[in-house]
Amino acid sequence: MFKASTRSLIAISVLAALSGCAQKSGSPEQAPAIKGATEEVKKAHSQRSAEEDTVDLSNIAKAEGGKTVAEVYADKDKLAGQKVSVRGKVVKTVHDVMGKNWVHVQDGSGVEGTSDLTVTTKAELPQVGDLVVISGTVAANKDFGMGYMYPVIVEDAELKIEAAASAEEDTAPK
């Protein structure tokens, strides 16, 4: 059986990997200060997914009645506690952390720091590159502790896959 401190370290490591997805630089100096974190955890926090840079974010239309990723960031305080819909492409997924699946969605809007929307869901994980519409509740300045704070996150989202990444690959010009 794991001791509580071992489980905490594992949770911190996974959260570190999740939290760093929106950061473009691999610079460990950009990782938050985490007491007791190993260099591996700090490095994982600042790394981007290799697949993230290969997802085509062009021509993604805003969800009907929805918001863009940049709009959610811009209006996060006003939207806190409200349900929003966002259409975008999946750039990273993590299975079953803290009882939830974690999905990072981008739509080509926003700039560094406001272009990647973290979403939690109980839905089955989509594939990187899938075009999805997420609908969930916005939380602003969500603090999971241990230095992991999200300026904006969409929680308990429903997720609808509109186009699978593999379908896009199959129809791409050769």
Q) In the list Val103, Val86, Val128, Val119, which residue meets the criterion of being over 15 Å from Ile153 (Cα atoms) and of a type in the set (Val, Ile, Thr)? A) Val128
Q. From the list Lys92, Lys78, which one is at pLDDT 55 or above, assigned to a helix (DSSP H, G or I) and charged (D, E, K, R)?
A. Lys78
Q: Could you list, in sequence order, all residues of the stretch 117-144 that are surrounded by fewer than 22 Cβ atoms within 10 Å (Cβ to Cβ), outside any strand (DSSP E or B) and of a type outside the set (A, V, I, L, M)?
A: Lys122, Glu124, Gln127, Gly129, Phe144
(Q) For the stretch 136-148, which positions are touching a residue at least 60 places away in the same chain (Cβ under 8 Å) and of a type in the set (Ser, Thr, Tyr)? (A) Tyr148
Q.
I'd like to verify a number: residues in the stretch 85-116 that are surrounded by fewer than 22 Cβ atoms within 10 Å (Cβ to Cβ), among the aliphatic types (A, V, I, L, M) and over 11 Å from the mean Cα position of the chain (by Cα), how many?
A. 3
Q: For the stretch 91-121, enumerate the residues that are in contact (Cβ under 8 Å) with a residue 60 or more places away in the chain and of a type in the set (A, V, I, L, M, F, W, C).
A: Val91, Val94, Val97, Met98, Trp102
**Q.** Identity of the residue in the stretch 145-159, surrounded by fewer than 16 Cβ atoms within 10 Å (Cβ to Cβ) and more than 21 Å from Asp96 (Cβ to Cβ), that ends up modelled with the lowest pLDDT
**A.** Met149
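The values are calculated or read from the model by the stated rules, or taken from the named source; none is laboratory data. Small disclaimer: the values here were computed from a predicted structure and weren't measured. Every residue, glycine as well, gets a Cβ built from its backbone with ideal geometry; the counts of neighbours run over all protein chains shown.
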